[in-house]
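Before any comments, here is the structure.
The values are calculated or read from the model by the stated rules, or taken from the named source; none is laboratory data. As the structure is a computational prediction, the values presented were derived from the model and not from experiment. A quick note on method: Cβ atoms are made from the backbone with ideal geometry, for glycine too, and the neighbour counts reach across all protein chains shown.
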Amino acid sequence: MTMRHPYFALLAFSTLALSGCGSSEAVQPEAWPVLSERFHSATEPGQAQSVGSLRVGAGSGADVVVLGRVRDISERSAFTLADMALMSCAAMDEPDHCSTPWDYCCEDPAALKLGTLVVEFTENGTPVKETAKGFHGLDHLSEVVVTGKLTIDDVGNMSVAANTVYVRSE
């Protein structure tokens, strides 16, 4: 299987590089600056689709506008977007049910796989050396609308090379 997304290659390399052989000190990655304003949308783009509807209605290479909640955020230029129909632990009636409600641990794993995609900020096909974390308040479970180009790989994983992001919870 080939890695088509630079983010996954970076993540794999970072995991190996940070594992350290016999070192008792943790290696800290260099902090990247927050995303450039060129990726910000000051107004909410219209005609946003859900993550699930992209899976059945859009093809690889399509320009898309997608709405969802931030699931995981990389310290680098990417985050995972979850369909609004998925229920995070924060939305459950039980207070303090989960210390990491953005991981959607109570969701069916099959629904979670179908209802998520990776959003990555790139320039000329290369991930930017900026982080999305904190960009206009972007955090776990933030509602966002992303514009960009959809890619679906051979096994059905979806990603969006983002042009802009609008954070609803600003």
Under 8 Å between Cβ atoms, at least 6 apart or on separate chains: pull out the pairs that start in region 123-135 with a residue that is of a type in the set (Val, Ile, Thr) and end on any residue that is part of a loop (DSSP other than H, G, I, E, B) and crowded, with 21+ Cβ neighbours inside 10 Å. Val128/Leu35; Val128/Ser77; Thr131/Leu35; Thr131/Arg76; Thr131/Ser77
For region 76-130: of the residues being at pLDDT below 85 and among the acidic types (Asp, Glu), which is surrounded by the most Cβ atoms within 10 Å (Cβ to Cβ)? Glu107
Restricting to region 35-46, name every residue that is in a loop (DSSP other than H, G, I, E, B) and either farther than 11 Å from Val146 by Cα or modelled with pLDDT of 95 or more (or both). Leu35, Ser36, Ser41, Ala42, Thr43, Glu44, Pro45
